[in-house]
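In what follows, a single structure is set out as structure tokens and then discussed.
FYI, it's all coordinate maths here, none of it is from the lab. Please read these numbers as outputs of a predicted model, since none were measured by experiment. Note: ideal-geometry Cβ built from the backbone for every residue, glycine included; neighbour counts use all protein chains shown.
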Amino acid sequence: MTITKIFSYISAIAMTVVIFWAQSQVPILESPIPDLPWGTVSLVDLYTGFIFVCFWIFYKEKTINAIIWSIFIMVLGNLTTAIYVLYSLNISKGDMKKFFMGKNS
């Protein structure tokens, strides 16, 4: 659990820094990435992963909470995933079954 918390904190901080840096270089709505073939592949891959994480969240959480988390994941990406993992680790208090299954444990 400790290594997961450390990795999640580092990921959240790194993503926050990179998001602010990227926005200062090229505004998100002016990004050329969707115009590039591999940019499109990367975006499809990224959002497919987001959807899988959202399925996990819908399994674990009440519907309204899952909807809110999912919206943040679709907008802020893996920054939200890292924060959600930290949230889940804290709520589960070391119980891996509760961490992975939430309300269904």
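Quick rundown of the values:
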| read-out | value |
| --- | --- |
| Residues of the range 48-76 satisfying the condition of being of a type outside the set (A, V, I, L, M) and surrounded by 13 or more Cβ atoms within 10 Å (Cβ to Cβ) | GLY49, PHE50, CYS54, TRP56, PHE58, TYR59, LYS60, GLU61, ASN65, TRP69, SER70, PHE72 |
| Condition check for SER88: among the polar types (S, T, N, Q) and either under 16 Å from TYR9 (Cβ atoms) or in contact with a Gly (Cβ under 9 Å, 6 or more places away or on another chain) (or both) | yes |
| Test for ILE57: is it β-branched (Val, Ile, Thr), touching a helix residue (DSSP H, G or I) at 6+ places or on another chain (Cβ under 7 Å) and without any contact (Cβ under 8 Å) to a residue 24 or more places away in the chain | no |
| Residue within the range 35-42 that is aliphatic (A, V, I, L, M) and closer than 24 Å to THR4 by Cβ present | no |
